[in-house]
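One structure is given below, encoded as structure tokens.
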Amino acid sequence: MSFDAEKIIEYSNKNPKPASTTFAYGTAGFRTVGDTLGSTVFRCGLLAALRSQSKNGQVIGVMITASHNHERDNGVKLVDPMGEMLQQSWEAYCTDVANAQTSEELVETLSHIAQEERIDLTIKPRVAYARDTRPSGPMLQAALEDGLAALDVEASNFGIVTTPQLHYFVRCLNTQGTAASYGEPTEAGYNAKYGQAFLRLVSGRETPSKLFIDAANGVGAPQVLKLAQAINSPYFDIEVRNSDTQTLGKLNIGCGADHVKSNQRPPAGVSLVPGSRYCSFDGDADRLVYYYGDEHGAFHLLDGDKISTLVATYLRDLVATAGIEDLQVGVVQTAYANGNSTSYIKDTLKLPTVFAKTGVKHLHHEAEKMNIGVYFEANGHGTVLFNPSAVAKLRAVVPETPAQADAVERLWALRDLINESVGDAMSDMLLVETILICKGWTLAQWNEAYTDLPSRLLKVVVNDRTIFKTTNAEQTLTAPHGLQDIVDSLVAKFPRGRSFVRPSGTEDAVRVYAEAATRRDCDQLAYAVAGAVFDKAGGRGERPAEFL
Ligand code: 16G
Ligand code: MG
């Protein structure tokens, strides 16, 4: 059995590759100007079909989104059968397929992959797909559908949903009717599963005040309204801001989780009232940050690190109350985690913590190694994983007291509340709300756990970012030669100083992170390191301004 080459070529000729562009499957798939992505998305349809066949006909997901990026951009990524990110060894295939220059070369590349992976091409491929609200979405969806038609895929279109919802649907489809059944693969099924788990956990407690949600003018807006409708309870009293998905030019502009985290200020359209509660999603609703304003007008951000410490503390305490021995809660962070959050986890919570490289797939794999792995990036992207040994231990408990029974029941309910397939702003928000309701905490009380060290993130544009190589979870540069020594000598000048340099996986730039005991020291360190990168490694455009 081989491909119907003629059919692939016919469809491929309808979706020609722009000759001069090279595409790369980066941290979160392909991402660039939406109008140039037609051939790439078409080809992802073909590759998703092969991936499905290589997984014995299980459903593979394809999501068309560029998350927090500008509306003119778009992107595409593949989702593996359990709702996790595409296995890394296949990323190179994606890049190869996207860059085949002609339709004939494309068929050759596909045949090569089929041989390499020993794929049984007689298996019926199955693919589930969705997109966000971007204007290039319909055009790219049509390109994807061409790819699916070219290989006779059994396809399910989930319409306009959040990225984590698509991950959830894929996992549901592949576990239906098994012991690992994850839920109904529909929007209503998603809302019922997470909504019911939430109500199980909070019923009987005091109802919280209204939560204002900044939906970045993206797909999270309509979806969170549907979730609220399904929950239909004063425990989830929300008001959605930045919910305009119709007007061009609004998506992620001046709003959304990335804007709030990067600029450390509230989004457009939201003026903070002391005592009120706020959170932001990003454009595809897989990131979440909370924030509030105090009576002195100061802005306080509760980012992914704060979410992770809140969740880890809650889980640790429940495990202790449940009296389950050898069930360890651990935390996975990236180098971007604020230094004080890491100290808090180690020294106060006394929980194990490890660093992973940036990007959900890296954190996810580290978290899988823990009994209960809590993973969050500082930018608000993350979730919790219960590995099979944790589930077995939970199942084996025979509670002796009502308190123990309650803790065990709550751990089960939490597992239902959490989208284990991938970080999910809506599910994470319900998790945070649950913990705050159960503790009776305000955002200010949550914020008391530790105080962030001042930090600064800068971007340096260089001639060639591929010359930057890192090790030690991206905290140490191994190339360009000598640059790490300079960073080390700068860091040594500042109390509690820490800084690292890494090439971005999503943009043509190098990122510089710095933190130190004071705002002034932190900024001096950040600009000194950025200046060194610019001078020693081919900086382009304007040299990062010295901090005065
Ligand atoms: C992508 C990643 C995000 C990461 C960011 C880093 C996923 C789904 N998304 O958005 O987790 O923080 O890239 O971007 O993995 P950078 O490499 O440009 O700094
Ligand atoms: Mg996102």
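The values are calculated or read from the model by the stated rules, or taken from the named source; none is laboratory data. What you are looking at is a predicted structure, and each value in this text was computed from that prediction instead of being measured. Cβ: placed from backbone, ideal geometry, glycine included. Neighbour counts: every protein chain shown. Heavy atoms of the whole protein, side chains included, go into the accessibility calculation; ligands, DNA and RNA do not. Shrake-Rupley method; radii C 1.70, N 1.55, O 1.52, S 1.80 Å.
When the residues of segment 34-77 are narrowed to those that are away from ligand 1 (no atom under 16 Å from the Cβ) and open to solvent by 40 Å² or more (accessible area, probe 1.4 Å), which ends up nearest to Arg118 (Cα to Cα)? Among them, the one singled out is Ser54. May I ask you to verify whether Asp152 is surrounded by fewer than 24 Cβ atoms within 10 Å (Cβ to Cβ) and not in a helix (DSSP H, G or I)? For Asp152, the condition - surrounded by fewer than 24 Cβ atoms within 10 Å (Cβ to Cβ) and not in a helix (DSSP H, G or I) - is met. Could you check, for segment 345-365, whether at least one of its residues is open to solvent by 20 Å² or more (accessible area, probe 1.4 Å), away from ligand 1 (no atom under 13 Å from the Cβ), more than 13 Å from the chain's Cα centre (by Cα) and farther than 27 Å from Val408 by Cα? The answer is yes, given that some residue of segment 345-365 is open to solvent by 20 Å² or more (accessible area, probe 1.4 Å), away from ligand 1 (no atom under 13 Å from the Cβ), more than 13 Å from the chain's Cα centre (by Cα) and farther than 27 Å from Val408 by Cα. The listed residues are Phe212, Phe236, and the only one of them that is more than 16 Å from ligand 2 (Cβ to nearest atom), over 17 Å from Leu301 (Cα atoms), among the aromatic types (Phe, Trp, Tyr) and crowded, with 17+ Cβ neighbours inside 10 Å turns out to be Phe236.
Condition (residue is touching a residue at least 40 places away in the same chain (Cβ under 8 Å), within 16 Å of ligand 2 (Cβ to nearest atom), of a type outside the set (Val, Ile, Thr) and open to solvent by less than 20 Å² (accessible area, probe 1.4 Å)) applied to segment 294-315: is it met by at least one residue? Yes: one or more hits. Among the residues making up segment 498-526, those that are more than 16 Å from ligand 2 (Cβ to nearest atom) and surrounded by fewer than 21 Cβ atoms within 10 Å (Cβ to Cβ) are Arg498, Pro503, Asp508, Ala509, Ala517, Thr518, Arg519, Arg520, Asp521, Asp523. A single entry from Val270, Val329 fulfils the requirement of being crowded, with 24+ Cβ neighbours inside 10 Å and in contact with a Lys or Arg (Cβ under 6 Å, 6 or more places away or on another chain): Val329. So, in segment 429-464, exactly how many residues are buried (at least 16 other Cβ atoms within 10 Å of the Cβ) and touching a His at 6+ places or on another chain (Cβ under 9 Å)? Looking only at that region, the number is 2. Contact map, segment 371-391: first residue of a type in the set (S, T, N, Q), second residue within 16 Å of ligand 2 (Cβ to nearest atom) and in a strand (DSSP E or B), Cβ cut-off under 7 Å, separation 6 or more or different chains; pairs are Thr383/Tyr375. Checked against (1) touching a residue at least 24 places away in the same chain (Cβ under 8 Å); (2) exposed (fewer than 14 other Cβ atoms within 10 Å of the Cβ); (3) more than 22 Å from the chain's Cα centre (by Cα), Gly159 meets all criteria but (3). Remark: pairs (first residue in segment 8-30, farther than 19 Å from Gln88 by Cα; second residue open to solvent by 20 Å² or more (accessible area, probe 1.4 Å) and assigned to a strand (DSSP E or B); Cβ separation under 7 Å; 6+ apart in sequence or on different chains) are absent.
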